[in-house]
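Below is one structure, written out as structure tokens; comments come after it.
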Amino acid sequence: MIASTVTPLDRAKEFSAASPEILPVEWFTEIEPQLEGMWLVKRLLPAQGLALIYGHPGSGKSFFALDVALHIALGWEWCARRVRQGLVVYVGAEGGAGLRNRIAAFRRHHDLQDAIPFALIPTPIDMQDPNADTGRLAETVRMTAKQSGAEPALVIIDTLSKTFGGGKENTDDMATYVANCQRIASEFNCLVMPVHHRPKDAESIEPRGHGSLKGGVDTVILIEAGKTKCAEVTKQKDGEIGDKFLFNLGVVELGTDEDGEAVTSCVIEHTETNLNSIVSPFAQAVGRLSVGNRLVYDQLGELIEAVGEPVPADIPDTEINRNWVCRVTSLEAWRDKSISAAGTEAGHSRDSGKRAFNRALPALRKAGIVRVWNDWAWITHQL
């Protein structure tokens, strides 16, 4: 008798082809290890699946995400880790002006002139409702891949809250959001990485919202604020956790506005500072804030991150350190946002929000983490 050369896998393929309802199977002896193509950034970001970057307002999380994204689009090593080059699509849902300036700052800082496979979508979208913009995002990724001639590698969604539509983050709506992100990742065999907020209370270090978010992603990176900022890997499905990356924000001048004042943004500057120094006096001061004062502080950070303005030339150097502060906002806008935020908390009203702001402002200034000059307010980022 002549032995059959047909393998179990061959029989499974024949059976599946004849019966479309049968799911694909792989037999024990036919399963081989995957040795290549596992990482987008070696031992940091997987090549396919979901990752999450999160932190408090003003922590530098969007700067960090953009720095990684542009290194991938360029094919540059990131922190001495090999990168798989590919198309990056960046959904800048919190507004295009600040993000455009950050991209321009990176381009100027690195003296880049040539085109790279990087595309910005400067508008909010709804990734929570399966019938909203998930399909449109997929079509846009497909179009940019065709135009750039590069395979999709990374889709960044900045931020989760601005792409959550009418859903509620603390409910099962989060599971639907995660599923829609996974749909994009699966369709293009790429990584999808939302940028998200940390809860407003100073104690919690988990991502804000329902637990299905952290449970549904492969990699989680926490960004901690401070004089020297820190990105720490707190979850890694197929690797080690605990890696830390320290960085500062360096100011880049982009030009002048219609009034002749300098327009600036920032770029990531990686540092080899001793890890023990990352718990800076500034971070300690923020950590000691009461819940009410932390709420008011967070509103300032969110406002600056969303609609902050370049530092006006008329603010004296004795009042502001331009090496640390890139953007400021109006005191009135901060007050209004804080009062509105307090009014949405259970058991609070706008009147109580006004009182909370009036208590918090002198406390934050005394702590040295916030400064005010005339009608401008900003976070000092150092003590």
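The table below lists the values:
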{"item": "Identity of the residue in region 115-159, within 24 Å of E169 (Cα to Cα) and hydroxyl-bearing (S, T, Y), that ends up surrounded by the fewest Cβ atoms within 10 Å (Cβ to Cβ)", "result": "T123"}
{"item": "Check on A231, touching a residue at least 12 places away in the same chain (Cβ under 8 Å), over 30 Å from P33 (Cα atoms), out of contact with any Pro (no Cβ under 7 Å at 6 or more places or on another chain) and in a helix (DSSP H, G or I)", "result": "no"}
{"item": "Criterion (of a type outside the set (D, E, K, R), at pLDDT 90 or above and either surrounded by fewer than 22 Cβ atoms within 10 Å (Cβ to Cβ) or part of a strand (DSSP E or B) (or both)) met by exactly one of F245, F282", "result": "F245"}
{"item": "Region 174-228 - residue that is in contact (Cβ under 8 Å) with a residue 24 or more places away in the chain and acidic (D, E) and, of those, surrounded by the fewest Cβ atoms within 10 Å (Cβ to Cβ)", "result": "D201"}
{"item": "Yes/no for A51 being at pLDDT 95 or above, surrounded by 21 or more Cβ atoms within 10 Å (Cβ to Cβ) and more than 27 Å from G239 (Cβ to Cβ)", "result": "no"}
{"item": "Breaking point among (1) among the charged types (D, E, K, R); (2) under 20 Å from E77 (Cα atoms); (3) touching a helix residue (DSSP H, G or I) at 6+ places or on another chain (Cβ under 8 Å), for D243", "result": "(3)"}
{"item": "Verdict on L289 being aliphatic (A, V, I, L, M) and either under 23 Å from the mean Cα position of the chain (by Cα) or assigned to a helix (DSSP H, G or I) (or both)", "result": "no"}
{"item": "Checklist (1) crowded, with 19+ Cβ neighbours inside 10 Å; (2) assigned to a loop (DSSP other than H, G, I, E, B); (3) in contact with a helix residue (DSSP H, G or I) (Cβ under 7 Å, 6 or more places away or on another chain) applied to S59, failing item", "result": "(3)"}
{"item": "Yes/no for T234 being of a type in the set (S, T, N, Q), at pLDDT 85 or above and in the same structural domain as I103 (by TED's automatic domain parsing)", "result": "yes"}
{"item": "Complete set of residues in region 258-272 that are farther than 15 Å from W324 by Cβ and assigned to a loop (DSSP other than H, G, I, E, B)", "result": "E258, D259, G260, E261, E272"}
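The values are calculated or read from the model by the stated rules, or taken from the named source; none is laboratory data. Just so we're clear, the structure is a prediction, and the values are computed from it rather than from any experiment. Note: ideal-geometry Cβ built from the backbone for every residue, glycine included; neighbour counts use all protein chains shown.
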